[in-house]
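Okay, structure first, notes after.
The values are calculated or read from the model by the stated rules, or taken from the named source; none is laboratory data. Because the structure is predicted, anything quoted here is derived from the model rather than measured. All Cβ positions, even for glycine, are placed from backbone atoms using ideal geometry, and neighbour counts span all protein chains on display. Side chains included, ligands, DNA and RNA excluded: accessible areas come from the protein's heavy atoms. Shrake-Rupley method; radii C 1.70, N 1.55, O 1.52, S 1.80 Å.
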Amino acid sequence: MSLHLTQNIWAVGRNYADHAKEMNAETPTVPFFFLKSGNCLNPGSVIHLPKWSQDVHYELELAFRIDENLSFSHATLALDLTARDAQSHAKKSGQPWTLAKSFIGACPIGSWISVLELKEFENITFELKKNHQIVQSGQTRDMVFKPAQLLEFIKDHYPLSEHDLILTGTPAGVGPLHSGDLLTAELRVENQTLLTCHWDVI
Ligand code: ZN
């Protein structure tokens, strides 16, 4: 399962009502996606912040990996890193979000677990700690569009391929990263921890 074959990372926007609210945005009635290049993937434990942004935010998200049948095969936690200053500028000037979302190293991910371990996708909880304080905690049951709906929408509209990733949106609590920050993320199903991730921000 090599990561270099990932062509596209399909990321959904505003898929948790509490996050849409904190961004002063409406909760969508149809899913909307933006792309992160597959080359943004960072499977390591060190996050290098880009020098040209003063406001890179973490967004912790449940991510799925696509198999040869265009189904979910594996899951992990991903950080949809976002240069919020570049995104605000893009929103104001009607430009695409490519710089804000698809910069070098913009998608740190944890290790992969089989979707079979997740049982039902409805009962997953995940949490991000920054410097030992909980900053985000999400539950998949709060998603506006469920993973199966996101997958169906993507297959109907976009050239999804094997090894692509789908990022399923972030709950409330997004915020800035600074060099020296320590991040820890956990994924649980029915109170059992299935995945723990650690990242050092440089
Ligand atoms: Zn996101």
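Before moving on, here are some points about what is shown:
- Summing Cβ point charges (Lys, Arg +1; Asp, Glu -1) relative to the Cα centre of region 69-140 gives a dipole of roughly 380 debye.
- Of the solvent-accessible surface of the chain, computed with a 1.4 Å probe over protein heavy atoms with every protein chain present, carbon and sulfur atoms account for 51 percent.
- Shape category assigned to region 113-157 from the gyration tensor of Cα positions, a/c cut at 1.5: prolate
- Remark: the chain carries a charge dipole of roughly 500 debye about the Cα centre, counting +1 on each Lys and Arg Cβ and -1 on each Asp and Glu Cβ.
- Probe 1.4 Å, accessible area per residue of the chain, Å²: 47 Å²
- Overall form of the chain per C-alpha gyration tensor (a/c, 1.5; a/b vs b/c): rounded
- Charge-dipole axis of the chain as Lys and Arg at +1 and Asp and Glu at -1 on Cβ define it, positive-most pick from Val174, Ala63, Met143: Val174
- Length added when fully stretched, Asp142-Lys119, from 0.36 nm per residue minus Cα-Cα: 6.6 nm
- About the Cα centre, charge dipole magnitude for region 98-145 (Lys/Arg +1, Asp/Glu -1 at Cβ), debye: 240 debye
- Sequence of Arg65, Arg14 from largest to smallest accessible area, 1.4 Å probe: Arg14, Arg65
- With a Förster radius of 35 Å applied to the beta-carbon distance between Lys91 and Gln133, the computed FRET efficiency rounds to 0.75.
- Amide H to amide H distances under 5 Å link Phe32 with Gly13, where only residues 5 or more positions off or on other chains count and H is placed in the peptide plane.
- Loop-exposed GluC sites (Glu not before Pro) per DSSP, neighbour cap 10 Cβ within 10 angstrom, longest uninterrupted part of the chain: 121-189
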